[in-house]
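Written below as structure tokens is the structure these notes are about.
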Amino acid sequence: MSEPVGTKPAAPEPQVPEPSPPSPAEAEQTAAELRSLLSGLGTVEPPTDLSEKVPQIIERRSRGRFFGRRRLFDRIPFVWVSLLMLITTALLYAVLRMAPAVFSP
Amino acid sequence: MDLRDEGELIRRLQQHDEKAFQKCVKLYQAKVYGLVFRMLGSQAEAEDVSQEVFVTVFKSIDSFRGDSKFSTWLYRIAANHCKNRIKYLKRRAHKQTGELDDAAERELLGSAHSTLGQKQASPVEALEGQQLGHIVQRAITKLDEEHRLLLVLRDVEELSYEEIMQVTGLAEGTVKSRLHRARLVLKEEIARHTK
């Protein structure tokens, strides 16, 4: 069977000798008694928003790599933004240097 | 869900398809939450652990080789998470060992009420049913984690012995003898509270 990675089983308890298996009749009687009690427990309803919360957790933990909602200006690489700003500043500087008369009083 | 649909769902999960993942959560959330809630006896813990189970499914879906049923693999992840959480809660000396949280109690009472409601129970019967449901869940959370897991898998979730062997990794004889022991302990515990 495939081993589910990501969660390691808890450390095993200290080994105690296994009791001998019960006789089938004895086991069946105990099981039938218990089943009638456990059937009264009913079913438990899972939270209605579980299928929305889990993808949100995955998106948050993967920092948007999985299930990311692409919004405008979301996940813009900083390298490109800083490069763009440097080029803009250099252009502005060049314009100011080449046309001093326009901007001087 | 037939095997072909399950295979297709797994293939899409392995491609990290969000819609497939949501479908997977919707399909299996009742099974996972049911197991986790019965194991932990707390609604808040059950919700948190159920979320972690599905996050683990997402992270480890590539390791699923398909040599067992997907639901069995999922139960195995849920069982491991439950055991770890029980150990963590024990370490924190959480009150959970004996007491159910308020929300869990409301849910238990609600489920017992609805079960009995289908039979047009009298108020006295309904109250008895609620109290019994409460006592049974309390008794389950008092069992040790291995006994609790076997009992919930077999008698609440109604898995076959073959599936339980795959979930727990135990041999058939061990499953049967431990399950019998768990039932006896649970029966004694319930009898102690109903006297």
Working only within the stretch B:164-190, note down all residues that are touching a residue at least 24 places away in the same chain (Cβ under 8 Å), crowded, with 19+ Cβ neighbours inside 10 Å and more than 7 Å from chain A (Cβ to nearest Cβ).
B:167, B:168, B:175, B:178, B:179, B:182
Result of the Cβ filter at 7 Å on the stretch B:26-52, keeping first residues that are facing another protein chain (nearest Cβ under 8 Å) and partners that are small (Gly, Ala, Ser), at least 6 apart or interchain, is B:26/A:51; B:29/A:51; B:29/B:50; B:32/B:50; B:32/B:78; B:33/B:46; B:33/B:50; B:37/B:46
Count, please, the residues in the stretch B:59-73 that happen to be buried (at least 22 other Cβ atoms within 10 Å of the Cβ) and at the interface with another protein chain (Cβ under 7 Å from one of its Cβ atoms).
1
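So which helices (runs of 4 or more DSSP H) stay within chain A end to end and still have 1 or more residues that are modelled with pLDDT of 90 or more?
So the answer is A:50-61, A:78-98.
The values are calculated or read from the model by the stated rules, or taken from the named source; none is laboratory data. The shown structure was predicted, so the numbers you read here are calculated from the model rather than taken from an experiment. No Cβ is skipped: glycine too gets one built from the backbone with ideal geometry, and neighbour counts run over all protein chains shown.
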